């Protein structure tokens with residue numbers, strides 16, 4: 001079955017980094033403490049803030065997020081649609097949006113392989 005993919009679901013997942021998200025000083029400090037252009041620090045940021053969010057989604061929604069992200073990476077999407085609509089707490093602009101998404105995909109696949117989020 002060919003299903004239409006949209007970046008809206010990825011944008012929703014990344015809302016945890018958005019300034020419009022509920023004010024949380026501790027979360028903001030974690031975000032600004034990481035270099036989002038360094039793969040290791042970006043993965044650490046995802047582990048701390050995104051992993052718990054990911055497991056709020058149902059199993060099917062998690063699989064759909066991974067498939068959607070994989071699809072857009074595969075077709076060469078620039079992800080401008082996601083980043084242009086986000087005002088984040090990141091200290092720096094994301095220099096390579098596709099690399100950011102590749103790191104995100106790797107993390108999501110890892111989380112999904114680990115099970116229910118309690119690991």
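Counting pairs of alpha carbon atoms under 8 Å apart in space and at least six apart in sequence, what relative contact order in percent does the chain give? Relative contact order for the chain comes out at 40 percent.
Measuring nothing but alpha carbons in region 25-68 and taking Rh as the Kirkwood radius, the Rg to Rh ratio lands at 1.06.
Computed from the Cβ-Cβ distance with R0 of 30 Å, the FRET efficiency linking residue 70 to residue 91 stands at 0.55. Helical runs assigned H by DSSP (4 residues or longer) give the chain a calculated mean residue ellipticity at 222 nm of -15000 deg cm²/dmol, each run adding -39500 (n - 2.57) before division by the residue total. Overall shape of the chain was characterised from the C-alpha gyration tensor. The equivalent ellipsoid obtained from it has semi-axes of 21, 17, 13 Å, in decreasing order. Taking the square roots of 5 times each eigenvalue of the Cα gyration tensor of region 51-118, largest first, gives ellipsoid semi-axes of 22, 15, 11 Å. Subtracting the Cα-Cα distance of residue 22 and residue 44 from their residue separation scaled by 0.36 nm leaves 5.8 nm. Separation of region 1-32 from region 64-100 is 11 Å, based on Cα centroids. The stretch between residue 29 and residue 84 holds 17.6 nm of extra length on full extension. This uses 0.36 nm per residue minus the Cα-Cα distance.
We did not get these values from a lab; they are worked out from the coordinates using the rules stated. No experiment lies behind these values; they were computed from the predicted model shown. Note that we place each Cβ from the backbone using ideal geometry, even for glycine, and neighbour counts take in every protein chain shown.
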